[in-house]
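Notes to accompany the following structure.
Values in this text are rule-based calculations from the coordinates and carry no lab data. These figures come from a predicted structure and were not determined experimentally. No Cβ is skipped: glycine too gets one built from the backbone with ideal geometry, and neighbour counts run over all protein chains shown.
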Amino acid sequence: MKHCFRIGLYKQGLLHDMSKYLPSEFLIGCKYYQGTRSPNNAEREVKGYSAAWLHHKGRNKHHFEYWTDYSLEQKGAALVGVKMPRKYVAEMLMDRIAASKVYNGSKYTDHDPLAYYQNGKTHYLLHPETADQLEKLLHVLDKHGEDVLFDFVKNRYLKKRCGLDRIHKPVRCDAVKHLI
């Protein structure tokens, strides 16, 4: 919530992951809670799937899995990633940062969210443009830290004042221009 607030997504910050408090997610979360990783993975190991995750991803637009659909193309994948609106990409980014902090605790570094993304990105059903935006934003975090990233996301990315290819000085983002 506090990360969403820092980038100006107040409503999304307040409503973020509210479905976790519904019995279909909350009770499973309590049962499989470990503190170092998602309880959904523990449920998945026991059952072969996570009922809580299936419920959660269908109700929370900041998860890229929400943004999948059947392809109309006869060739290629049957399911494809759909381009995500920027406000949900930004919320997903904040969620990844917060989750990395929770799971890594005092060992957290600004590289952790990028490393986690890179470790699984070959399996993600993300629209190519969404994947490109997310990865570039994670690189900004890795190289320049939260303050520069959050400033850029709030003042440029969400306001569409420039694309990820045009970052400049007024928002202290000139240092990241070469990355994006």
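Worth a mention:
- In the stretch 1-91, trypsin sites (Lys or Arg not before Pro) in a DSSP loop with at most 16 other beta-carbon atoms within 10 Å: Arg37, Arg59, Lys61, Lys75, Lys83
- Restricting the chymotrypsin sites (Phe, Trp or Tyr not before Pro) of the stretch 1-110 to loop positions (DSSP other than H, G, I, E, B) with no more than 12 neighbouring Cβ atoms within 10 Å leaves Tyr33, Tyr49.
- Using the Karplus relation 6.51 cos²θ - 1.76 cosθ + 1.60 with θ = phi - 60°, the per-residue 3J(HN,Hα) values for the stretch 11-23 come to 4, 5, x, 6, 8, 3, 6, 4, 5, 5, 8, 6, x Hz, with x marking Gly and Pro.
- ³J(HN,Hα) computed for each position of the stretch 40-57 - Karplus, 6.51 cos²θ - 1.76 cosθ + 1.60, integer Hz, glycine/proline x: 4, 5, 5, 4, 4, 5, 7, 9, x, 7, 10, 4, 4, 5, 4, 5, 5, 5
- When each of Lys101/Lys154; Lys2/Lys107; Lys75/Lys160; Lys83/Lys159; Lys20/Lys121 is checked by Cα-Cα distance, pairs over 28 Å: Lys75/Lys160
- Where N is the number of residues in the chain, Cα Rg divided by 2.2 N^0.38 Å: 1.07
- Once the Cα atoms are used to define both axes, helix 128-152 deviates from the longest principal axis of the chain by about 70 degrees.
- Overall shape: oblate for the stretch 1-92, with the ratio a/c of the largest to smallest alpha carbon gyration tensor axis at 1.5 or above and b/c at least equal to a/b.
- From its DSSP helices (H runs of at least four residues, each -39,500 (n - 2.57)), the chain gives a residue-normalised ellipticity at 222 nm of -15000 deg cm²/dmol.
- With each label modelled as a point 7 angstrom along the Cα→C-beta vector, the Leu158-Ala115 pair spans 2.8 nm.
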